[in-house]
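Peer 1: Sharing a structure here in C-alpha cells format.
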Amino acid sequence: MLNDPLYAALRRVFGEVLVASEGERAAITSAPRSSVSRILRRKSDTVTAYGEQYRVNCPFCKNTPPYTPDNGQHLWISHIYNTDIQYDNRVVNFGWSPAKCYRRGCLESRRNKAALMAMIKEALDGASLKMDLVEERRAPSLENLPGVPLPPHLALTDPAVPEFVHSYLAGRGTSAKELSEDWGAVIGFTRFYERPALVFPIWQRGAYVSWQARFIGDDMELFKNGHKKPKYYIPSPTKKSWMLYNMDRAKYHSPGVLVEGIFDCIKVGEAGVCLFGKKPSLFQCRILGSLFGSSRLVWMPDANDPDSVATAEKMAPELMRSGLIKDVRIARLPYGDPGSFNRRELWEVIKGAGPLN
Ligand SMILES: [Zn+2]
C-alpha cells in the first residue's frame, strides 16, 4: 500500500476498497533538477502511468453493493490523488487528482470532480498526503530476464487440436499452419483460462521474453466475481507496455506498420508490430524510434474505435516532432479493424497513406 492515509480515507467514505496494481508507483518522466516549473506546466506529459489504484463504488452513478457483474467497483482513484510531491527539497502540490469512473465517466463532470475531492478531504480529517517524486518506471532490460516459460502446450498442427479451433481461425482469415509456421503460436493450457487458448511467444532483440494468450471464441469465461475475463492475457511479471510484438522481424522493413493486436499484425505480415493496446507507452515509443527512426512508420488504427483513431492522430505528429521518427503516417481503413481485411487489401491502404500535413 503506497498511500495509507488516502486508502484509509477512502475506506471511511466508501467502505470496501479494492487495490489494483499494488505497490506500483506512478511513472513520472524524469526531469532535470532545474525544471520543476516545466513539470508543473506540462503535467499531462509527465505522468505516463498511474500505478497503484484504489477501486471503489462510484457515488455518482449509484454504483453500490451488492457486487454483480454490472455493478463492480468502477471508480478508480490513483494513489497520487491530490498528493503533495516531495521534489528537490521542496514540497509541491502538482494539482493532480487522477480518478476515473469506468462505468459512466462520471468524473468528466467538474461538479462531480469537486464533490469527490470534498468527500475525500473531509474523510482525511486534516491528514496530509505526501509522497516522494519517483522517476519514470523503466522497463527492465528484458533481454537479460530468463523469459516467462510457455504454459503446457500442444502444437497447433497436432491432430488432437479440436475442430472449433480450426473453424475459429478460418473465420479470422488465418490457419493453424500459418500461425504455427510463421508466428510460432501453440495451443496453451494456461492457468488464467479454463479452456485451452492460443498462445503467442514474444521475442524481443533476439531473446524470448514472454507470451500472450488469446481466448478462442467470443463466449468469454467469467471470473469468480462474475466479471468477464479479458480476451487477451499476458503473464506477470511482464507487462504489455514493455513489449512490441514482432519487432525483431519488422525492423528490416520500411515502412513498419503499427497495429493494436497480434491478429492485426498477422494480417499485415512481417512488417507489422503490435502494441497489445491502442496507445503506445513511452517505452514502446522509444523502441519504435530505434526501429523506424530514420525510415517510415505507418500507424493503422482500428477504424471502428474513435479512441484508437484519435490516439493515432494525436501521437503520430508528436512522434515526428520529438525527432523519434522521421516519417510517420496514418493508414485509414474504410471501416473495421485490420483483422477484417486480407493482406493485399491492407497493403493497398498502407501504401496509400500520405504524409501528415
Ligand atoms: Zn460513475
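Every residue, every condition in (1) of a type in the set (Asp, Glu); (2) on the phi < 0 side of the Ramachandran plot; (3) assigned by TED's automatic domain parsing to the domain that holds Ala155, yes or no:
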position: Tyr168; (1), (2), (3): no, yes, yes
position: Gly173; (1), (2), (3): no, no, yes
position: Lys177; (1), (2), (3): no, yes, yes
position: Glu181; (1), (2), (3): yes, yes, yes
position: Val186; (1), (2), (3): no, yes, yes
position: Pro196; (1), (2), (3): no, yes, yes
position: Gln204; (1), (2), (3): no, yes, yes
position: Tyr208; (1), (2), (3): no, yes, yes
position: Gln212; (1), (2), (3): no, yes, yes
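Peer 1: Still on this structure: Tell me which residues, restricted to region 179-230, are in a loop (DSSP other than H, G, I, E, B), surrounded by fewer than 14 Cβ atoms within 10 Å (Cβ to Cβ) and among the hydrophobic types (A, V, I, L, M, F, W, C).
Peer 2: Those that are in a loop (DSSP other than H, G, I, E, B), surrounded by fewer than 14 Cβ atoms within 10 Å (Cβ to Cβ) and among the hydrophobic types (A, V, I, L, M, F, W, C): Met220, Phe223.
Peer 1: Here's another thing I want to ask about it. Among the numbered conditions (1) free of Cβ contacts under 8 Å to residues at least 12 places away in the same chain; (2) part of a loop (DSSP other than H, G, I, E, B), tell me where Gly173 comes up short.
Peer 2: Every condition holds for Gly173 apart from (1).
Peer 1: Additional query: Does Ser210 satisfy being of a type in the set (S, T, N, Q), farther than 23 Å from Gly336 by Cα and within 17 Å of the chain's Cα centre (by Cα)?
Peer 2: Yes.
Peer 1: Next up: Report, by residue number, each residue of region 286-315 that is under 15 Å from Gly272 (Cα atoms) and charged (D, E, K, R).
Peer 2: Within region 286-315, Arg296, Asp302 qualify.
The values are calculated or read from the model by the stated rules, or taken from the named source; none is laboratory data. The structure presented is a predicted model; accordingly, all values stated were derived computationally and were not measured. Glycine also receives a Cβ, built like all others from the backbone with ideal geometry; neighbour counts cover every protein chain displayed.
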